[in-house]
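Contents: one structure, followed by commentary.
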Amino acid sequence: MHQPNLERRDSVFYDYKIHPFSTPSEMDSAVTHHKVVIVGAGPVGLATALLLAKAGVPSVVIESEAQVSHGSRACAATRRSLEILQQAGASALFVQNGLGWNSGRSYFRNAEVFRMEIPDDENDRFAPVINNPQQYWEEYLVDSVEKSDLIDLRWQTKFLHFEENGEIVRARLDTPEGGYTLQADWLIACDGGRSVIRKELGLRMEGEAYSGNFVIVDVKAPDFDFPTERRCYFDPEWNLGNSILLHRQPYDLWRLDYRLPEGETEVTALERDRIATRVNDVMAMVGKVVDWELDWATVYSANTKTLTDFRKNRVLFAGDAAHLLPIFGIRGANTGFQDAENLAWKLAMVIKGEAGLGLLETYSTERVMAAREICDEAGKSTRMMDPPTKGYELLRSAILSFSLSDPFCAELMHWRTSRPHEYLDSVLNAVDDDNETLIDGISNGAVARNIKLGPDEYLFDHFRFGYHLLVFGGGDEPVDARRLANRHHVRVISVDGGAAHADLDIRSDLPSFAEIYGLPHGGMYLLRPDMHVCGRWQSHDLSRVDTVLENHFRLEAQQ
């Protein structure tokens, strides 16, 4: 029988909670059939469950542990992730308790050689990045999950293996009270980088694995006072040829990442005395040696890998189970949230009979393309942080040397932070709209732009997890929103008189709204449930909207 660790994890800042095991109905009666089973209650698994619930689809979430994760791990949520969490109804605590930031600095030989600022303006509800250690990410998401009547979160339940016959998935599980079988239409693997489900299917990732190892150390240091920003130090005296990352967290916590010096083993790196030496070296390097307490430390290696298909019959992959990304650029969990959002709306429509499997197949095609592009970008950052060959070591040394006198080299140190992917070539984009002729605005495949509507009111505050049609006034006669077929479930937002009988009527003193969307003389934008644009027009012809939606609902699965 499965026996998870029931001793509270040690922490100098976080109070771990033991989540009890509850006997499921399947252990006392006949097997109950479920719509979706999600394996893994990390950030991506929990977000997927919440978004499915927003779409009206129930799920069971399986977690082998009795506590949330140990260590900061994912510690920086991007603006795009916070927009997704807002859709899921779980963003408030991230913002309330987190530390926002928008800049990063890189240093070489104690000189600042690069500074990057992430764009930020009044139309953004959220900061570009908000720091919170992963324990709190999971705590906040668990709180939201426990408030949902559509999510059954089962702690202390270990996934063993599954069988799938083309119509049904049967998962065999183990618990402190014995094993049982769970039956569902769909199985979503959110079980991390060492995914048991991926291994059971014999699936391998494509991409690169880097040889260098990095140490993550979390320390509590109330007097270590620096701004909330991402700092990178190249070639410190005690770690020549390597680098250090420094992130401030809430609760007086600091996150240090550094590459192991040559010849230092993982075991040696995690010895308390060695960690103490390294932490004190970092503090001396930045000129502020203060008292500190160790909370947690681990060793990891950088990878840029992805599965070539995120769907295998009735099994779907998301997050680290689907792709492995280095921490440079805060890509891992933030990319996983984009997986969750893309997957949830498509799977929900298939489950509810509103669309065919062809729509679900676009989850894999879109997110595999995104993962490959992210791996390419992440590889550039990783080769700077962890040169894989002597040639790259020489290139890195040259870039750093020239950065002291030639500003153009500094751009080569750009860490390419996580960004929302643009599905520019998606089959879900309109093919006969005005996208090619509209110079300004937001192109098909890109994420819609938030707009500030009042002192504490933004456009995305009014979005639900479904299709939206933005209708701008100023051109054709106002469109009658009732002409959209009810089966499309489209929420119509009228901007400055663009539509009558709309779900929301925005009468703005904001000429920038229409200008940002490139439609100062009227027109329409159709947004997918994940907020990506899939059609835009300079007219109010609703038949063209119908055509795009019909394409989504009638996509045929590939044979």
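The values are calculated or read from the model by the stated rules, or taken from the named source; none is laboratory data. For clarity, every value in this text was computed on a predicted model and none was experimentally measured. Virtual Cβ from ideal backbone geometry, glycine too; neighbours counted across all protein chains shown.
Data for the structure
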| read-out | value |
| --- | --- |
| Considering residues of the range 150-167 that are out of contact with any Lys or Arg (no Cβ under 7 Å at 6 or more places or on another chain) and outside any loop (DSSP other than H, G, I, E, B) only, the residue surrounded by the most Cβ atoms within 10 Å (Cβ to Cβ) | F159 |
| Condition met for G45 (at positive phi and not assigned by TED's automatic domain parsing to the domain that holds Y458) | no |
| Residues located in the range 336-378, provided they are touching a Phe, Trp or Tyr at 6+ places or on another chain (Cβ under 9 Å), at pLDDT below 95 and in a helix (DSSP H, G or I) | A370, A371, A378 |
| Breaking point among (1) surrounded by fewer than 20 Cβ atoms within 10 Å (Cβ to Cβ); (2) within 26 Å of V57 (Cβ to Cβ); (3) touching a residue at least 60 places away in the same chain (Cβ under 8 Å); (4) of a type outside the set (G, A, S), for D530 | (1) |
| Filtered residue count, the range 431-440, keeping only those that are over 20 Å from D546 (Cα atoms) and surrounded by 20 or more Cβ atoms within 10 Å (Cβ to Cβ) | 0 |
| Qualifying helices (runs of 4 or more DSSP H) (wholly inside the range 63-149; at least 2 residues being among the charged types (D, E, K, R)) | 79-88, 134-146 |
| Given (1) within 27 Å of C232 (Cβ to Cβ); (2) out of contact with any Ser or Thr (no Cβ under 8 Å at 6 or more places or on another chain); (3) not charged (D, E, K, R), number of the condition V113 does not satisfy | (2) |
| Output for the range 292-318, where each listed residue is surrounded by 15 or more Cβ atoms within 10 Å (Cβ to Cβ) and among the hydroxyl-bearing types (S, T, Y) | T298, Y300, S301, T304, T306 |
| Lone qualifier among V12, V113, V95 - being free of Cβ contacts under 8 Å to residues at least 40 places away in the same chain, of a type in the set (V, I, T) and over 30 Å from E354 (Cα atoms) | V95 |
| Criterion violated by Q96 - all others in (1) over 30 Å from R154 (Cβ atoms); (2) surrounded by fewer than 22 Cβ atoms within 10 Å (Cβ to Cβ) satisfied | (1) |
| Any hit, the range 497-512, residues being at pLDDT 90 or above, under 21 Å from L428 (Cα atoms) and of a type in the set (V, I, T) | no |
| Hits in the range 174-225 - residues which are under 30 Å from V57 (Cα atoms), hydroxyl-bearing (S, T, Y) and in a strand (DSSP E or B) | T175, Y180, T181 |
| Boolean, Y363 is of a type outside the set (K, R) and without any contact (Cβ under 8 Å) to a residue 60 or more places away in the chain | yes |
